[in-house]
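Notes follow once the structure below has been shown.
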Amino acid sequence: MAEGTVLPAERELVAQTGLTRGSVRAALRMLAAEGMIRTSAGRYGGNVVTLPGGESMSEAIGLFVHGRRLPLHILHETREALEPFLARLAASRRTEDDLQEMTALHELLSTAVDDLREFSLTNVRWHNAVAKASGNELLCKRLLTATAVAG
């Protein structure tokens, strides 16, 4: 379904699916929790299809990493596999704004070498800037954030 599509009323969903009202409500709550629908109350309210934001991908990856208790070396291997490809894309697709952001973050990295916490946070921001400059929405900031922060 397209974003913005209004879902039928609960009673109509019950009739269409043959499920109980409780099951339909539970399914709608789950869809809302996953960011797949937005629910509003009132006369003109209802359930509207939404596209999940990038944060939902990051959260899902985070849950997978923590739930599986993936070791740190797995996360580093993932980054090592993704980053050269992202860098190549960024080199060919980056905008002037992307270049300015990466340059500024590089300068911050250079001044933060004696502050491990600041260096680590800036390092993640720099890698995210490269991913963003790649122009690949799926591989962009969300995926790298999940692996970089977890690592």
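The values are calculated or read from the model by the stated rules, or taken from the named source; none is laboratory data. These numbers come from a predicted model, not from an experiment. All Cβ positions, glycine included, derive from the backbone under ideal geometry; neighbour counts span all protein chains shown. Accessible surface areas use protein heavy atoms only, side chains included; no ligands, DNA or RNA. Shrake-Rupley method; radii C 1.70, N 1.55, O 1.52, S 1.80 Å.
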Given charges at beta-carbon only (K, R positive; D, E negative), |dipole| of the range 38-114 in Debye: 600 debye
Accessible-area composition of the chain, carbon plus sulfur, in percent [1.4 Å probe]: 57 percent
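Tell me, what is the percent relative contact order of the chain, built from C-alpha pairs under 8 Å that lie six or more residues apart?
That works out to 24 percent.
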Cut-off of 10 Å, at most 16 other beta carbons, DSSP loop: longest stretch of the chain lacking such trypsin sites (Lys or Arg not before Pro): 70-151
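Kindly report the accessible area of the chain per residue (heavy atoms of protein chains, probe 1.4 Å, no ligands, DNA or RNA), in Å². Spell out each step's value before the answer.
Values: 10320 Å² over 151 residues.
Accessible area per residue: 68 Å².
Report the charge-dipole magnitude of the chain in Debye, nearest 20, computed about the Cα centre from +1 at each Lys and Arg Cβ and -1 at each Asp and Glu Cβ.
Taking the Cα centre of the chain as origin, the dipole is about 800 debye.
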The chain - Debye-derived log10 I(q)/I(0), Cα point model, q = 0.15, 0.19, 0.20 Å⁻¹: -0.87, -1.10, -1.16
Farthest positive-ward along the chain dipole, Cα basis, beta-carbon charges - from Phe64, Ala112, Ala87: Phe64
Magnitude of the charge dipole, the range 1-78, Cβ model with Lys/Arg +1 and Asp/Glu -1, debye to 20: 360 debye
Separation of the Ala91 and Ala27 label points, Cα + 7 Å toward Cβ, nm: 5.0 nm
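When 1/r is averaged over all different Cα pairs and the result inverted, which Kirkwood radius in Å belongs to the range 2-55? Don't jump to the answer; show the numbers that get you there.
Details: mean 1/r = 0.0865 Å⁻¹.
By the Kirkwood definition, the hydrodynamic radius is 11.6 Å.
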